[in-house]
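Colleague: Here it is, the structure, as structure tokens.
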There are 4 protein chains.
Amino acid sequence: MSEEELLIQQLFDEEKLTDKQKKIIVAAIESFSEKGYSATSTSEIAKKAGVAEGTIFRHYKTKKDLLLSIVAPLMTKMIGPIVVNDFNKVLDRQYDRVEDFLKATIENRRELLIKLLPVIKILLQEIPFQPELRELFLEQIANKIFERVSIIIKGYQEKGELIEMPPESVARLAITSILGYLFSRYILFPHIEWDDELETERTIQFIMHGLGKKE
Amino acid sequence: MSEEELLIQQLFDEEKLTDKQKKIIVAAIESFSEKGYSATSTSEIAKKAGVAEGTIFRHYKTKKDLLLSIVAPLMTKMIGPIVVNDFNKVLDRQYDRVEDFLKATIENRRELLIKLLPVIKILLQEIPFQPELRELFLEQIANKIFERVSIIIKGYQEKGELIEMPPESVARLAITSILGYLFSRYILFPHIEWDDELETERTIQFIMHGLGKKE
Amino acid sequence: MSEEELLIQQLFDEEKLTDKQKKIIVAAIESFSEKGYSATSTSEIAKKAGVAEGTIFRHYKTKKDLLLSIVAPLMTKMIGPIVVNDFNKVLDRQYDRVEDFLKATIENRRELLIKLLPVIKILLQEIPFQPELRELFLEQIANKIFERVSIIIKGYQEKGELIEMPPESVARLAITSILGYLFSRYILFPHIEWDDELETERTIQFIMHGLGKKE
Amino acid sequence: MSEEELLIQQLFDEEKLTDKQKKIIVAAIESFSEKGYSATSTSEIAKKAGVAEGTIFRHYKTKKDLLLSIVAPLMTKMIGPIVVNDFNKVLDRQYDRVEDFLKATIENRRELLIKLLPVIKILLQEIPFQPELRELFLEQIANKIFERVSIIIKGYQEKGELIEMPPESVARLAITSILGYLFSRYILFPHIEWDDELETERTIQFIMHGLGKKE
DNA sequence: GATGAATGAGTGTTCATTCAT
DNA sequence: CATGAATGAACACTCATTCAT
């Protein structure tokens, strides 16, 4: 729980959350990611959080409000820094090769990613059904990231490190490969033993060189 | 509707479905894929199908039963043939190069895939929450496909067409790339104009050669 | 089942019952007496009887019809003979003493009573809730029996065998004692070992001499 | 209604019942005893109680819970005092003769019994179908009462007031006679005019001396 | 005569939300 | 602020009954 609380503070610290609010958020994340948003009842969240049912609605006008208040900061607070911090390093030529950039990005975000996995899962699950979420996502992620990423990609393309292909396609292929790994790893086959470092390596190798054998 | 009916017949033909049953299935697929399984009520399905609510439960004991009866045939009827028909062609050396195999597989399944997309969407959405579904999926797909695919992959690896990498990893990377494309194409950004043929080509190229530039 | 079938024939023989009808009756008796009339569904009866749901309603217009068709013959066919046969024997002075009459009546009806217990249980359970049943019961039993019994009782009273008390009260006390025994024996404490003969003896003794010690 | 409210308070006073809870209980008792537990719907109770249907389920998890919460106190609160208060008086030799004991017991409980009759009716009706009820009944009544009653009976037997017969049989005969009277009086023939005092007298006389004439 | 698909009102129960305390 | 009783619409599901086959 205290592990989760840290995550909560990382995601939600700026707005001052009361103790009860934190408990509600933690409980909601747990339930939403386990059973899905629609299949989770507010009373269940209240019970798990140890607060009265009414308390939830004092802080969040509706259930959907609660969902948004969980998922929105993920997009604004989490993705933002990645783009700004990490990408700037790339733009500052700190990584000569794409591999190194990818590796570094994944590496120093892995722990955070795993911690955030429940929230990411909620986000991915609900994006198809919540127009507000989709729009928020498109504004915050798709556009911002693609904008930045395009520059990076173009940079590497100019250096001859990446093939000529519209940056959006490059981004799509790279990102879905990484998310595909996470999906297989943590949602489809969580019970299998994974050598995470090796499999990350392979995923990066795949992104860079594909499956075809070089002769 | 008649388009959808064709799909229904393709997926469900063996069991003789009554007229009302078909209408229920069509309505359920539409609603489940639009709003999600949990957020769809049986009364809504009944209204959309133009039948009494009781009629649903005469044919499907529970709501979950209805979900399974929609999604299960997708796995047994759809994936089966792909494995058996297409893969046999590969084993029979009809495709010399992996590219050709991938292309042919995607190409002649594309229409079906698009038609089945709502059902696929339902499947992907509910797998994380329905243990029965996950198990069914693992039995029907993961195991059967990986078994077959391993042979094919090993074959190409022996021919020097594919890099040395455990077949499971190869399969995972290839498959998630394809599904990632479909997810981006039809779920995340369905409103963007896509040049499907070109993007398929790129996805295959990516799978084969990655993003790194050959010099 | 063949045991029960005999009972069915005894109760229902005159009207010619089809095979299916018999099965319905047997199933209904079993379910009604196990779970009560209201808590038993017609579909359940149909399943237990091995007939289609519609078949029940071909023979019995409504569920209540089915109930009445089970319980009514108990009153007309069962109680009738007791009154006519046995009571006539008493009137014919075949039993000098009340004890002997009671003993003989209970004795040679015991097996039948036990077999009919499920139906009796249904009758007792539903009398408070079904006005039709209550009226039928009052007409068939209360009035007919009390009429006859009054004569018998008056006879024994004149012989000085019974105390002076209005015959209705005498009848009530005697009958509830016997039914109270059956209720304790078969409904409240069926799992206890009972010495039936002894306990019947005691019940009769109680009816005749009460609990007070003669000095 | 205010009459019934008194009853409610007598049965349920210890737990503090809200106003709505009382109304629900009163309505449930009325409906259950009029139509039986299974034939009564929760919506009907809600309507009669003037509360929302959801309110019932806030206080009682299930419909059966409501039944138990009505019937259980009858056993613990009603029967308990009888056993403790009245029986102690007997043990304290306050009643020399069994008749006096029986008379006093019935007399000073009659009003309460009549008020509780609806609840008693529910109890008697549902005992055959609700295993929980039967067990509760056996624990609370059968065992506790028989234990106490045995002592009393043995006491009177030693004094030569009661015949030699196993105390359980004595208890069964006495109790079913009293209940048989109540059943005839209030359930089977409530519409007939009864001289209650006289009929109670007769029932006691019957229990003590039976129907046989002393010469 | 027998079937079982079809019905729609009704079942017990849960829901998100409100509001007096 | 926080509570939890209260709500009534909605929920998944069952019911007795009908009727075309």
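Colleague: Show me the trypsin sites (Lys or Arg not before Pro) within the stretch B:150-196 that DSSP assigns to loop and that have at most 16 other Cβ atoms within 10 Å of their Cβ. Provide the component values of the computation, followed by the final result.
Modeller: On the way: sites: B:LYS154, B:LYS159, B:ARG172, B:ARG185; in loops: B:LYS159.
Answer by residue number: B:LYS159.
Colleague: Shifting gears a bit: Between copies, how close do the C:GLU44 label points come, placed 7 Å along Cα→Cβ, listed in nm from shortest?
Modeller: Those separations, rounded to one decimal, come out as 1.7, 2.9, 3.3 nm.
Colleague: Per-residue mean of other chain beta-carbon atoms within 10 angstrom of the beta-carbon, peptide D:31-40?
Modeller: 3
Colleague: Sort the stretch B:125-191 into rounded, prolate or oblate with this rule: let a ≥ b ≥ c be the square roots of the eigenvalues of the Cα gyration tensor; rounded if a/c is under 1.5, and if a/c is not under 1.5, prolate when a/b is larger than b/c, oblate otherwise.
Modeller: Oblate is the answer for the stretch B:125-191, as a/c is 1.5 or above yet b/c matches or exceeds a/b.
Colleague: Can you list the residues, at least 5 places off or on another chain, whose amide H is less than 5 Å from the amide H of B:LEU162, using H built in the peptide plane?
Modeller: A:LYS213, B:GLN157
Colleague: In chain B, what residue has the beta-carbon at the shortest distance from the axis of the rotation relating B to D, and what is that distance in angstrom, rounded to the whole number?
Modeller: Checking which Cβ lies nearest the axis yields B:SER43, 9.
Colleague: If I compute solvent accessible area with a 1.4 Å probe over the protein chains, what percent of it on the stretch A:99-215 is carbon and sulfur?
Modeller: 57 percent
Colleague: Whole Å is fine, so just give me how far the alpha carbon centre of the stretch D:103-156 lies from that of the stretch C:18-43.
Modeller: Using only Cα atoms to place each centre, the spacing works out to 31 Å.
Colleague: Could you tell me which residue out of B:ILE127, B:LEU173, B:PHE183 lies farthest along the dipole of the stretch B:63-209 toward its positive end? Charges go on the beta carbon: Lys and Arg +1, Asp and Glu -1, centred on the Cα centre.
Modeller: Most positive-ward Cα: B:ILE127.
Colleague: Can you work out ³J(HN,Hα) from phi for every residue in the stretch D:61-75, in order, using Karplus 6.51 cos²θ - 1.76 cosθ + 1.60 and θ = phi - 60°, giving whole Hz and x for Gly and Pro?
Modeller: 3J(HN,Hα) across the stretch D:61-75, in whole Hz: 3, 9, 5, 5, 4, 4, 4, 4, 5, 8, 8, 4, x, 4, 6.
Colleague: Same structure, new question: Between their Cα atoms, which of A:LYS35/B:LYS22; A:LYS48/B:LYS121; C:LYS35/D:LYS35; C:LYS103/D:LYS103; D:LYS22/D:LYS63 are more than 22 Å away from each other?
Modeller: Long pairs (Cα-Cα over 22 Å): A:LYS35/B:LYS22; A:LYS48/B:LYS121; C:LYS103/D:LYS103.
Colleague: Put a label point 7 Å from Cα along the Cβ direction on C:LEU113, then list its distances to the equivalent points in the other copies in nm, shortest first.
Modeller: Listed shortest first, these distances are 2.4, 7.9, 8.1 nm.
Colleague: How high is the FRET efficiency between D:GLU193 and D:PHE57 when r is their beta carbon distance and R₀ equals 60 Å, given to the nearest 0.05? Before the final figure, lay out the partial values.
Modeller: Numbers: r = 43 Å, r/R0 = 0.72.
Plugging the Cβ-Cβ distance into 1/(1 + (r/R0)^6) gives 0.90.
Colleague: Oh, and also: Per residue of B:159-172, what is the mean number of Cβ atoms on other protein chains within 10 angstrom of that residue's Cβ? Can you show the working numbers first?
Modeller: On the way: counts 1, 2, 3, 4, 9, 1, 4, 3, 0, 4, 9, 3, 0, 12.
The per-residue average across the peptide is 4.
Colleague: Using only the heavy atoms of the protein chains and a 1.4 Å probe, how would B:LEU198, A:LEU102 rank by accessible area, largest first?
Modeller: Accessible-area ranking of B:LEU198, A:LEU102, largest first: B:LEU198, A:LEU102.
Colleague: Would you mind counting up the charge near B:PRO167? Only other residues with Cβ under 11 Å from its Cβ, with Lys and Arg at +1 and Asp and Glu at -1.
Modeller: Here the count lands on 0.
Colleague: Taking the label point as lying 7 angstrom from Cα along the Cα-to-Cβ axis, what are the distances from D:GLU201 to the corresponding position in the remaining copies, in ascending order and in nanometres?
Modeller: From this label point to the equivalent ones elsewhere in the assembly: 3.6, 10.6, 11.3 nm.
Colleague: For peptide B:121-127, how many partner chain Cβ atoms fall within 10 Å of a residue's Cβ, on average?
Modeller: 2
Colleague: Binning every alpha carbon pair distance of the stretch D:2-209 at 10 Å from zero, what are the percents per bin?
Modeller: Bin by bin from 0 Å, the calculated values are 7, 31, 33, 19, 8, 1, 0.
Colleague: Chains D and C: what accessible area do they bury, summed, in square angstrom to the nearest 100, with a 1.4 Å probe? Show your work: numbers first, answer last.
Modeller: Numbers: alone 12730 and 12850 Å², together 21250 Å².
About 4300 Å² of accessible surface is lost on pairing.
The values are calculated or read from the model by the stated rules, or taken from the named source; none is laboratory data. Keep in mind that what you see is a predicted model, and the values were worked out from it rather than measured. Note that we place each Cβ from the backbone using ideal geometry, even for glycine, and neighbour counts take in every protein chain shown. Side chains included, ligands, DNA and RNA excluded: accessible areas come from the protein's heavy atoms. Shrake-Rupley method; radii C 1.70, N 1.55, O 1.52, S 1.80 Å.
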